[in-house]
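Right, one structure below, let's go through it.
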Amino acid sequence: MLNSRYVEMQNHENVIRRVFMYGKKRAAEIGFDNIFDYSLGNPSVAAPESFHKALAEILAAQDDLTVHGYSPSLGIGSVRQAVAASLNRRFGMNYEEKHIFMTSGAAGAVAHALRAVLEEPGDEIVTFAPYFPEYQPYVEGAGGKLSVTPACTDDFQIHFEAFEKLLNPRVKGVLVNTPNNPAGVVYSVATLARLADILTEKQREYGHSIYLISDEPYRELVFEGVQIPYTASFYANTFTCYSFSKSMSIPGERIGYVAVHPDSDDAEVAAAVFGQISREIGHNCPPSLMQLAVARCLEDTSDLSVYEKNKEILFKELPALGYGCVKPQGTFYMFPRSLEPDDTSFCERAKKYELLLVPGSAFGCPGHFRISYCIPTEKVIRSLPAFRRLAEEYLG
Ligand code: PLP
């Protein structure tokens with residue numbers, strides 16, 4: 001008999017994957033060109049040249065056995081130093097090697113941060129709708145309970161009144177994601193400052209730390225003119241979880257990090273504690289080759305311009321067709337309102353036009369749907385008549 005919790009989890013499958021798998025099946029029937037698969041957040045552009053060059057150089061050198069060896073469990077020292085120096089330069093922080101912990105992507109980073117802050121059964125993590133659906137298994141797997149603050153659907157910033165009602169002494173962490181999957185919005189300075197004030201006040205009231213776990217795999221995917229505030233600069237008890245999956249288009253390489261704020265309550269021990277968590281979950285030693293390669297081109301990104309081009313087209317055309325939408329400021333997602341309150345039934349209907357969309361209820365925000373527009377621009381343009389015909393079914 002296998003662990004019943006995991007057996008049961010199969011009944012709560014990942015909705016995004018389900019839509020994606022439907023797309024694969026449908027593509028086999030009518031051809032990939034004939035479906036508009038807006039389901040998955042899989043980057044659609046090449047990795048930066050500098051990343052490939054770094055890999056080639058490292059492999060050609062053949063003088064360093066660490067390349068294919070086990071990484072130290074907290075990450076390779078020179079890589080951790082390089083990450084710290086880059087964050088300090090870009091965001092005016094003062095990280096040192098000891099504050100950086102290398103991980104397998106943002107998923108690994110968030111999973112370690114959650115396990116570090118959750119102590120007792122019943123401890124809580126608060127997040128904000130709309131949210132990445134995998135937060136549920138990450139939090140529950142770490143023994144916690146996920147509380148979700150309802151969305152502020154006018155602008156997808158934080159609904160502070162609702163948030164404050166969820167706070168109580170069991171809350172050990174708050175999980176934010178900016179730029180946001182699925183809404184595409186960036187939390188403003190005012191939002192982050194108010195969040196920091198509330199958490200500072202509640203830490204005092206409850207007499208324990210409340211960690212802000214800032215999930216930032218889309219940090220580099222912001223559109224022209226949008227300034228992204230660095231979350232950790234607002235609040236000392238912050239674990240910044242980053243990934244190279246989206247900025248360098250290398251999700252399959254599984255590489256990211258947690259940066260522990262140098263002024264946080266546990267700054268001296270947090271990375272070492274993460275190392276102990278890795279031992280327990282068997283997720284230690286992220287790939288050495290990938291650590292060494294990203295360290296050589298830390299501040300480079302893929303050519304991300306196609307995402308902005310796709311956003312421009314979709315954000316111009318869809319609202320004109322009747323799909324109300326908050327303006328995306330980054331990522332490769334947007335989150336319009338569905339044309340009927342039942343977003344699942346809306347997304348089912350969209351399949352008639354070969355449009356593969358993900359219902360908002362998967363992100364804790366019914367009445368919306370997610371478009372993941374990391375697809376070629378010519379396909380975005382070809383999909384517009386399908387969106388029009390779908391809208392005509394509802395709006396005439
Ligand atoms: N967090 C968010 C908000 C995401 O959208 C994703 C992936 O889509 C992840 C975490 C996991 O990313 P990674 O590939 O870096 O593990």
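The number of residues in segment 238-247 that are touching a His at 6+ places or on another chain (Cβ under 9 Å) and within 13 Å of the ligand (Cβ to nearest atom) comes to 2.
Considering only helices (runs of 4 or more DSSP H) fully contained in segment 294-396, which possess at least 1 residues that are within 14 Å of Ser39 (Cα to Cα) and modelled with pLDDT of 95 or more?
Fully inside segment 294-396 and qualifying: 343-350, 377-395.
Only residues that are within 13 Å of the ligand (Cβ to nearest atom) and buried (at least 24 other Cβ atoms within 10 Å of the Cβ): list them for segment 248-269, please.
Met248, Ile255, Gly256, Tyr257, Val258
Cβ separations smaller than 7 Å between residues 6+ apart or across chains give the following pairs from segment 124-139 residues that are over 17 Å from Pro366 (Cβ atoms) to residues that are among the polar types (S, T, N, Q) and surrounded by fewer than 24 Cβ atoms within 10 Å (Cβ to Cβ): Glu124/Ser147; Val126/Ser147; Val126/Thr149. When restricted to residues that are part of a helix (DSSP H, G or I) and without any contact (Cβ under 8 Å) to a residue 60 or more places away in the chain, segment 228-255 contains 4. Residues in segment 355-377 that are closer than 14 Å to Phe20 by Cβ and not basic (Lys, Arg): 10 in all.
Looking only at segment 304-332, filter to residues that are small (Gly, Ala, Ser), surrounded by fewer than 23 Cβ atoms within 10 Å (Cβ to Cβ) and in contact (Cβ under 8 Å) with a residue 12 or more places away in the chain; which one of those is nearest to Leu221 (Cα to Cα)?
We begin by selecting, within segment 304-332, every residue small (Gly, Ala, Ser); these are 305, 320, 322, 324, 330.
Pick out the ones that are also surrounded by fewer than 23 Cβ atoms within 10 Å (Cβ to Cβ) and you get 305, 320, 322, 324.
Pick out the ones that are also in contact (Cβ under 8 Å) with a residue 12 or more places away in the chain and you get 322, 324.
Values: Gly322: 27, Gly324: 23 Å.
The residue in question is Gly324.
Would a scan of segment 67-80 turn up a residue that is within 16 Å of the ligand (Cβ to nearest atom) and on the phi < 0 side of the Ramachandran plot? No - not one qualifying residue is present in segment 67-80.
When residues in segment 335-361 are screened for being buried (at least 23 other Cβ atoms within 10 Å of the Cβ) and within 16 Å of Tyr131 (Cβ to Cβ), 5 of them pass. (1) surrounded by fewer than 22 Cβ atoms within 10 Å (Cβ to Cβ); (2) more than 13 Å from the ligand (Cβ to nearest atom): which one isn't true of Tyr235, the others all being true? In the conditions (1) surrounded by fewer than 22 Cβ atoms within 10 Å (Cβ to Cβ); (2) more than 13 Å from the ligand (Cβ to nearest atom), Tyr235 misses (1) alone.
Quick check: is even one residue across segment 30-50 within 16 Å of the ligand (Cβ to nearest atom), farther than 19 Å from Gly105 by Cβ and assigned to a helix (DSSP H, G or I)?
Here is the first cut: in segment 30-50, the ones within 16 Å of the ligand (Cβ to nearest atom) are 37-45, 47.
Okay, now just the ones that are also farther than 19 Å from Gly105 by Cβ, so 37-39.
Among the residues that remain, those that are also assigned to a helix (DSSP H, G or I) are: none.
The answer is no, given that none of the residues of segment 30-50 is within 16 Å of the ligand (Cβ to nearest atom), farther than 19 Å from Gly105 by Cβ and assigned to a helix (DSSP H, G or I).
The values are calculated or read from the model by the stated rules, or taken from the named source; none is laboratory data. Everything quoted here is computed from the prediction, not taken from an experiment. Don't worry about glycine lacking a Cβ; one is built from the backbone with ideal geometry, like all the others, and counts go over all protein chains shown.
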